[in-house]
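I have placed the structure first, in the form of structure tokens, so that the comments after it can refer back to it.
The values are calculated or read from the model by the stated rules, or taken from the named source; none is laboratory data. Values in this document were obtained by computation on a predicted structure and should not be read as measured data. Here the Cβ is made from the backbone with ideal geometry for all residues, glycine too, and neighbour counts use every protein chain on show. Note: areas computed on protein heavy atoms with side chains; ligands, DNA, RNA excluded. Shrake-Rupley method; radii C 1.70, N 1.55, O 1.52, S 1.80 Å.
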Amino acid sequence: MNRQPLSHILRLMARGFSYPDKENTSKAFFLAVRQVADSLGIAHDVSAPDQDELKEAYTLLFINEPSGRWAPPFSSVYIGGHGLLMAEGREQAKSFYEEVGLSPATSGEPEDYLPVELDFVAHLVDTESKGLLLRFLKEHLLKWFPCFHRRLKAIGPHPYYMLLADMTSRLLNLIHQEVIDETT
Amino acid sequence: MKRRNFLKLSASACAALAALDLSNKGFFKAASAKASNGKNALPGSLGSKDVPSVCEMCFWRCPIVGKVKDGRLVKIEGNPKSPANGPRVCARGNSGVQLLYDPDRIKYPLKRTGQRGEGKWARISWDEALDEVAHNLHKAKNKYGPHALAYFDHGASAEFMRDIFKTLGTENYTNEPAFFQCVGPAALAYLKTYGYITTGTRQYVDMKNAKAMLLIGTHIGENIHVSHVREFIQGLNNGAKLVVVDPRFSVAAAKADIHLPIRPGTDTALLLAWINFIITEGLYDKEFVERNCSGFDELKKSVKKYTLNWASPICDLPVEDMKRAILLIAKNRPHVSIHPGRHSTWYGKGDTSRHQALAILAALFGAVGVKGGLYFPTPVKKGNLAFGCVKEEPETPDESISEDYYPFASTFGSPTSRIIEATRTGKPYPIRLWGINGVNIIQTIPNPYHTMEAIKKLDFIFCEEILPTETALWSDIVLPGATYLERYDTVYTFDLLTPYLTVRQPVVKPMFEARSSFWIARELAKRAGLKCFNYNDEVEFIEEELKGAGLTLKSLNEKGGLVAYKANPYRDPKKLKVATEDGKIGLAIGDFEDEDLDPIPRFIPTPAPPKGYVRLVYGRSPVHTFSRTMNNKWLHNEIPENCLWLNDKVAQKAGIKDGEEVVLENQDGYRSWPIKVKVTAGIRPDTAYMAHGFGSRSKALTKAYKQGASDQFMITEYEDDPFMGASSHRTNFIRIVKAGQAINLPELCPPPKEIPRFVAKKNRTGGK
Amino acid sequence: MSQLAMVIDLNRCVGCHACAIACRAEWAVPVPYRRNWVKRAGPEKTPKGMSFTFYPGLCNHCDHPMCITVCPVDPEERTFKSKDGKMKKMAVRATFKDPFTGVVLIDKERCIGCGNCVEACPYGARYLNEELDDPKADKCTFCVERLEHNLEPACVRTCISGARIFGDLSDKNSEVYRLVSTKNPLRLTSKEVNIGPNVYYIGKEKDLFLVKKTFAPHERKWENVKAPSRRRVIQAAIKGLTKAI
């Protein structure tokens, strides 16, 4: 396996955690998600969900939810105990991006938005920046992603987003272990 | 990565991935410059870039600077250039950072997907959201006529969109709860007496230079408006005497020389007795009254019956105390601050009259246009704006819900209670669409149960909001407004003792897809096909306004974002001419008489609590603004919930302990959420008090939800002010529920015969 | 020797909490910890009349700070510099009283996060920041970092009514000296706890009475702090060592 499929899977997750649009709710997209899930050995039972159904699910899970049962996809909510946007987590993520001379071009989402961070992992995989990848995972992404993942699980969200989170979790842990193995 | 076998992809997975375009889709771009190493940065807010702007955590709007580091607002301080607050801001001002970065904030336009009030949403695009609103505006107007549209608004953010409703021709285009639930009666009384709104958004009262001050129900110190509090404290520090009339031992009462714990609802009796007393005893400023006032003889005759002996049992105050208090004020005239009050929608009937009596008292002391008294605004010159909104010729409705009900309402808009009634009942005409901007109407207007019922009758309701408030939950479309820290507004001038000109400007870029109010209004007007808003963006009109002041945005910012001016608050009493018809201060108001209303205040008793109940009054928590700030993490942490102040003797007799959690039940059987009791000698036995704004019913406000009880949900009984249609808020009564069992509270100061008792409705509408 | 001190005028204070939040904002103090607080007392009858007042509190930078006596970290020599360039060497633990300013500080590099000082403070002015991967004690520093930039403490700067007066008590021309020597201020002490707090309260007799009655500490908390656990100290030392590697 070459590095491209790996970064492609990461980008698949990044796109999957973005707001549903034509592209990330296409038949081809769901097919890729299911195939990768199979390869990761994650059992699933997600038929192709309807775009409107996913829009509501996404909004209530990741944007605003009236009962407070939601999982903000931003690291700064989980890191540093401030529970705020744009706090320490964002600062951490941003300084990692800056190390390789990148800055996110989102339209208003903070720099520590989950899809952006996953996309950054893909970039580090593509560029074989192992040292930075290890630090980014250890010191940042894997510090908060498990909290986010747990929060999602506790909510019992739409099965599609649970699947994406399970896959991402498995994937990040595999990469983490792999980089540790390779660098020691 | 060499060992790729840690992840074995099936051939079909590879094929599926290959079928997608998953090359870098542009989450990243090359950084323009490598940012400085954060480790060398100075600690705290030191070394920040300071952007001058204007606060809107409340509506006093203090000049601020946003301290920005690395694109992130780290702290807010007062603008040191400001003559009003300098580098100071209150707790709320300090907490603006938390509003900006609250993860709960509305991030994108939302469309309701569940039932109204249920709070199920899907994110939609701005195009879709604006088209939907524009379509519905026309649909409702075409089907039911222009008056079927109503707009509830508050604050700078709401002013632009107001023009859309105005342009569409509805009479219901400005219905500020800030007016009809707050300053309305006081504003009208002073406007008619003095020819200008001595109290409204602002209070033109020179406490800083006063030798004595009188506060009636005004609790400065719990109600925090920075420069106002500062002037109050400066006055006290200079040795001013203070008289506070309040059924509760408030923060201001604790600083008073004389505190009069008056029976609620009898303030006008006290004021009229005082007016009579100072006339009879010759303690008023004869020269000033003769020269500068009209209607004195009528006043004198009209108040003759109100003696201190008459007032004593009504107000439940000893004659001696009342006398001592007014003598203390009289001794220091004319340099006395007879505070005009602010929130004045207390009892419905008699609210305008009460503030008229306060206005008269100040005039009798000659405390107008002099140091320490009421003073005149210093207008700050700026350019005029012409948004060029072409209003379609308004058809007057056959029956107006504004002026046909209340002669002095239309100056300010349509009374909110009438809009809700018309929406609920379809009479006198149907209202089928509401736009809401900058105000959480469910926590603001009496009888929220009726408000919710009315919303259910609407064809369409939309709001511009920053947080998912109750109102947002009930809306069909929610538009994410930019916070005050992310947008421009019109040029802001301050015309009090420390006049200045400044401008609100973005401290940081808007988060997510939040947009400025001007942008939203302009886009909406475009889509609704309205000719409105001649300017492309805010900077264009700000420059035009600044031109009138001889400034540009650049030159203003070079001066620290603020220019201060010299105040002109005082007048030579010999030359004083006020902006009333005859240029004199009106002690008897002909305009009122023309509408068959009392030209001179008279005492109209408000019904006393039914047996077993006490009157519910409310006030402010110093760290909160209305119900807007309860979800702010820092403010929530300071004061997370309210408590119910209950008289110690009453509590003892009823077996209620300090700190105990209880439920309240009002006279209509509505029950509150649990609230802790504060047992104290600092409140009358016939009264209970709580701070307003708590007990949010929106689960989406994850911190504020169900924290404390909401006074608003206990206010189901209200009366309208006959002058201008404001609705009363202190005409409700509560008893205590413990373990599901209602407990009647003992009556320790029964009302005299002059005050009738409240008669409960036969059918109590309250639920479980 | 100087002693920085604060006078809080309860006649001016309205209990608005601006101080508490400005401090939180300036130093990013995570909720629910606090370096600076406002508590309320009353309305309550006192022998001097009905009172409703406030207790704006912060570290007292005591004359005899008991928090520093319970620090288990081995003393190490440290050089202190005064504003006018004087130098003084002193062996101090991880928390100490600056000999030139009288400010009680924490050396975050050396703090092992044992929490002894937090337990010892009778005013509850310290907290252990468990939000950090490596928890450290923290508290008010009188904003020494800001003082170095000639800025007043954040709470003083924001105080809307000018109720907080800050300065050097050893300077006879200072406002704090004038107020402390003429206004008969309250120091929040008791028979049991009398360690020389350097935050002074002035105001009406009834208000000072109620603040003292409600908030003066009586428990000699430092006496209940367990002897520094040797194991904890060694653990922390090892942790520090690993980190250095």
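With respect to the conditions (1) part of a strand (DSSP E or B); (2) touching an Asp or Glu at 6+ places or on another chain (Cβ under 7 Å), B:Thr493 lacks only one, and its number is (2).
Here the condition is being open to solvent by 40 Å² or more (accessible area, probe 1.4 Å), in contact with a Ser or Thr (Cβ under 9 Å, 6 or more places away or on another chain) and either among the hydrophobic types (A, V, I, L, M, F, W, C) or in the same structural domain as B:Glu719 (by TED's automatic domain parsing) (or both); of B:Leu374, B:Leu327, B:Leu385, it holds for B:Leu385 alone. Among the residues of the range A:110-143, those identified as assigned to a loop (DSSP other than H, G, I, E, B) and more than 21 Å from B:Glu513 (Cβ to Cβ) are A:Thr127, A:Glu128, A:Ser129.
Anything in the range A:20-50 that is under 24 Å from B:Arg112 (Cβ atoms), surrounded by 15 or more Cβ atoms within 10 Å (Cβ to Cβ) and without any contact (Cβ under 8 Å) to a residue 40 or more places away in the chain? List them, or say none. A:Pro20, A:Asn24, A:Thr25, listed by residue number. What number of residues in the range A:153-173 are farther than 20 Å from A:Leu40 by Cα and either of a type in the set (Val, Ile, Thr) or open to solvent by less than 20 Å² (accessible area, probe 1.4 Å) (or both)? Within the range A:153-173, residues that are farther than 20 Å from A:Leu40 by Cα and either of a type in the set (Val, Ile, Thr) or open to solvent by less than 20 Å² (accessible area, probe 1.4 Å) (or both) number 1.
Within the range A:75-86, the residues that satisfy the criterion of being open to solvent by less than 10 Å² (accessible area, probe 1.4 Å) and more than 7 Å from chain B (Cβ to nearest Cβ) are A:Ser75, A:Ser76.
Considering only residues in the range B:159-179 that are assigned to a helix (DSSP H, G or I) and modelled with pLDDT of 90 or more, the one that is surrounded by the fewest Cβ atoms within 10 Å (Cβ to Cβ) turns out to be B:Lys166.
In the range B:114-127, the residues that are part of a loop (DSSP other than H, G, I, E, B) reach residues that are open to solvent by 40 Å² or more (accessible area, probe 1.4 Å) with C-beta atoms within less than 6 angstrom, at least six apart or across chains, in these pairs: B:Gly114/B:Lys120; B:Lys120/B:Thr113; B:Ile124/B:Lys111.
Residue-by-condition table, conditions (1) farther than 30 Å from B:Leu576 by Cα; (2) surrounded by fewer than 20 Cβ atoms within 10 Å (Cβ to Cβ); (3) of a type in the set (Gly, Ala, Ser):
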site: B:Leu260; (1), (2), (3): yes, no, no
site: B:Thr266; (1), (2), (3): yes, no, no
site: B:Ala273; (1), (2), (3): no, no, yes
site: B:Lys286; (1), (2), (3): no, yes, no
site: B:Ser294; (1), (2), (3): no, yes, yes
site: B:Lys300; (1), (2), (3): no, yes, no
site: B:Val303; (1), (2), (3): no, no, no
site: B:Asn309; (1), (2), (3): yes, yes, no
site: B:Asp316; (1), (2), (3): yes, no, no
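In the range A:95-107 there is at least one residue matching the filter, namely being within 21 Å of B:Arg105 (Cβ to Cβ), among the small types (Gly, Ala, Ser) and more than 16 Å from the chain's Cα centre (by Cα). Checking each residue in the range B:112-147 for being surrounded by fewer than 20 Cβ atoms within 10 Å (Cβ to Cβ), more than 9 Å from chain A (Cβ to nearest Cβ) and touching a helix residue (DSSP H, G or I) at 6+ places or on another chain (Cβ under 9 Å) picks out B:Arg116, B:Gly117, B:Trp126, B:Asp127, B:Asp131, B:Ala134, B:His135. When the range B:180-193 is filtered for residues that are buried (at least 24 other Cβ atoms within 10 Å of the Cβ) and either farther than 21 Å from B:Arg248 by Cβ or out of contact with any Pro (no Cβ under 8 Å at 6 or more places or on another chain) (or both), the ones remaining, listed by number, are B:Phe180, B:Val183, B:Gly184, B:Pro185, B:Ala187, B:Leu188, B:Ala189, B:Tyr190, B:Thr193. Listed conditions (1) farther than 18 Å from B:Leu22 by Cβ; (2) away from chain B (no Cβ under 13 Å) are all met by A:Glu109, apart from (2). What about B:Lys559, is it surrounded by fewer than 16 Cβ atoms within 10 Å (Cβ to Cβ) and in contact with a helix residue (DSSP H, G or I) (Cβ under 9 Å, 6 or more places away or on another chain)? Judged against the criteria, B:Lys559 is not a match. With a requirement of 1 or more residues that are of a type in the set (S, T, N, Q) and without any contact (Cβ under 8 Å) to a residue 40 or more places away in the chain, the strands (runs of 3 or more DSSP E) lying completely within the range B:677-768 that satisfy it span B:741-743.
Every condition in (1) within 17 Å of A:Pro159 (Cα to Cα); (2) within 7 Å of another protein chain (Cβ to nearest Cβ); (3) aliphatic (A, V, I, L, M) is met by A:Leu54 except one, and the failing one is (2).
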